[in-house]
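A quick write-up on the structure given underneath.
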Amino acid sequence: MYKKVYKAIKKYNNIVIARHIGVDPDAMASQIALRDSIIKTFPNKKVYAIGNGSTKFTYLGKLDKYEPTEEPTLLIVLDTPDKRRVDGIEGINYSYSIKIDHHPFVEKFCDIEIMNEESSSTCQLIIEMIYNTKLKRDKEIIGKLFQGLVSDTNRFLFQNSTASTFKIVSQIVKDYNLDLPALYSDLYMRPLSEIRFQGYISQNMQVTENGVGYIEITNTIINKFNVDSSSAGNIVNNFNYIEDILVWLTISEDNKNDTIKISIRSRGPEINKVAENYRGGGHRFASGARVSSMEEAKLLINDLDRECEKYIKENFE
């Protein structure tokens with residue numbers, strides 16, 4: 001299948017690479033690294049990595065502005081299982097489409113679809129594709145892909161870290177002598193304001209009867225701690241090992257897009273099906289959702305609490 005993708009890339013001179021709304025390191029690293037690899041392989045092609053970015057991830061590179069054209073266009077969608085969650089493709093008149101993703105299947109919406117739910121990350125899939133085709137690579141491209149993979153596995157702590165993950169990481173570290181401390185520094189260096197913000201979350205997290213931990217993050221709180229609006233969603237991974245909670249989530253206002261973003265993680269109950277009912281989705285133990293009000297967020301919390309209750313009865317009673 002990777003060779004089919006390469007043939008399509010070779011055929012089209014105008015290529016747009018998109019990913020899901022609510023950017024994260026795996027999504028952004030995969031699209032920027034793939035863009036740079038294609039340009040390195042085919043210098044005369046016009047390749048655009050599109051979508052809304054975040055100042056937190058500027059170390060990965062810059063996204064592109066794209067003006068729709070009548071020229072035959074290849075659309076490549078990364079890290080996104082369903083079309084409604086693709087960021088920034090409205091108005092793009094594409095001739096052919098490819099999806100590369102590691103989430104559970106939701107719908108088919110591209111001509112070629114490479115999906116592997118067992119893969120640690122979309123970055124891992126892009127590494128595999130680059131290694132198995134004539135796409136060119138260099139230390140910078142591979143370094144970005146390493147960062148996306150590390151982020152989506154939470155430094156290899158999540159269950160999506162498998163033997164194949166460690167095998168391919170071993171290969172790229174050997175081939176490119178990656179500066180691991182520098183790459184990790186980009187990912188995990190935090191300003192003092194964000195550490196204090198994390199302390200606020202720890203102090204104010206509410207916990208339901210069946211172990212759902214949650215906190216509402218208003219723009220007033222964001223401004224008080226002087227942190228980036230995406231900080232709440234990124235901090236959610238820091239609460240993996242709290243004995244008293246099974247599922248935890250941050251609920252943060254997004255006034256720019258007139259919505260409320262929710263990041264959800266789990267240590268047992270499967271959460272992605274619940275998230276899908278609230279304009280979201282993702283992995284079994286790491287998902288996101290978007291709701292229109294705090295009242296709707298409370299309905300989501302209640303649904304997650306029922307999942308925790310069910311999980312407790314099935315596993316501990």
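No lab work stands behind these numbers, since they all come straight from the coordinates. This structure is a prediction, so every number in the text was calculated from the model and none was measured. Positions of Cβ are generated from backbone atoms using ideal geometry, with glycine treated the same way; all protein chains shown enter the neighbour counts.
Grab the eigenvalues of the alpha-carbon gyration tensor for the chain, scale each by 5, take roots, and send me the semi-axes largest first in whole angstrom. Each semi-axis is the square root of five times an eigenvalue, giving 33, 21, 20 Å. Remark: the range 92-103, residue by residue, has Karplus-estimated 3J(HN,Hα) of 7, 8, 8, 8, 8, 9, 9, 10, 10, 7, 10, 8 Hz, where x stands for each Gly or Pro and the curve is 6.51 cos²θ - 1.76 cosθ + 1.60 at θ = phi - 60°.
Subtracting the Cα-Cα distance of residue 295 and residue 170 from their residue separation scaled by 0.36 nm leaves 40.3 nm. Nearest 10 degrees, 0 to 90: what angle lies between the long axis of helix 192-204 and the longest principal axis of the chain (Cα atoms)? For 192-204 against the chain, the angle is about 40 degrees. Where only DSSP H runs of four or more residues are counted, the chain gives -12500 deg cm²/dmol as its mean residue ellipticity at 222 nm, each run worth -39500 (n - 2.57).
Just want the ordering: 180, 75, 304, from fewest to most Cβ atoms lying within 10 Å of their own Cβ. Spell out each step's value before the answer.
On the way: 180 12, 75 23, 304 26.
With the fewest neighbours first, 180, 75, 304 line up as 180, 75, 304.
Size of the range 42-90 from its Cα atoms: along the principal axes, largest to smallest, the extents are 33, 28, 18 Å.
Computed 3J(HN,Hα) for the range 292-300, one whole-Hz value per residue from the Karplus formula 6.51 cos²θ - 1.76 cosθ + 1.60 where θ = phi - 60°, is 9, 7, 5, 5, 5, 4, 5, 5, 4, glycine and proline marked x.
Note on residue 184 and residue 200: the extension gain reaches 3.3 nm, defined as 0.36 nm multiplied by sequence separation minus the Cα-Cα distance. The range 86-105 and the range 59-77 have Cα centres separated by 11 Å. Here the 3J(HN,Hα) profile of the range 215-222, calculated from phi with Karplus coefficients 6.51, -1.76 and 1.60 at θ = phi - 60°, is 8, 8, 10, 8, 5, 4, 5, 4 Hz, Gly and Pro shown as x. Here's how it looks for residue 259: its modeled amide H is under 5 Å from those of 254, which are all 5 or more places away or on a different chain.
Projecting label points 7 angstrom from Cα along Cα→Cβ for residue 216 and residue 112 puts them 4.8 nm apart.
Across the cross-link table entries 7/40; 7/134; 11/144; 273/310, which are compared at the Cα atoms, the separations over 20 Å belong to 11/144. Each of residue 224 and residue 254 was given a label point 7 Å from its Cα along the Cα-to-Cβ line. The distance between the two points is 2.3 nm.
Counting only alpha carbon atoms, the long axis of helix 139-153 and the longest principal axis of the chain meet at about 30°.
So what's the projected area for the range 1-157, the Cα convex hull averaged over all directions, in nm²? Let's see the in-between values first.
Values: hull surface 33.9 nm².
Averaged projected hull area, Cα only: 8.5 nm².
Counting every alpha-carbon pair across the range 192-316, the share separated by more than 17 Å comes to 52%.
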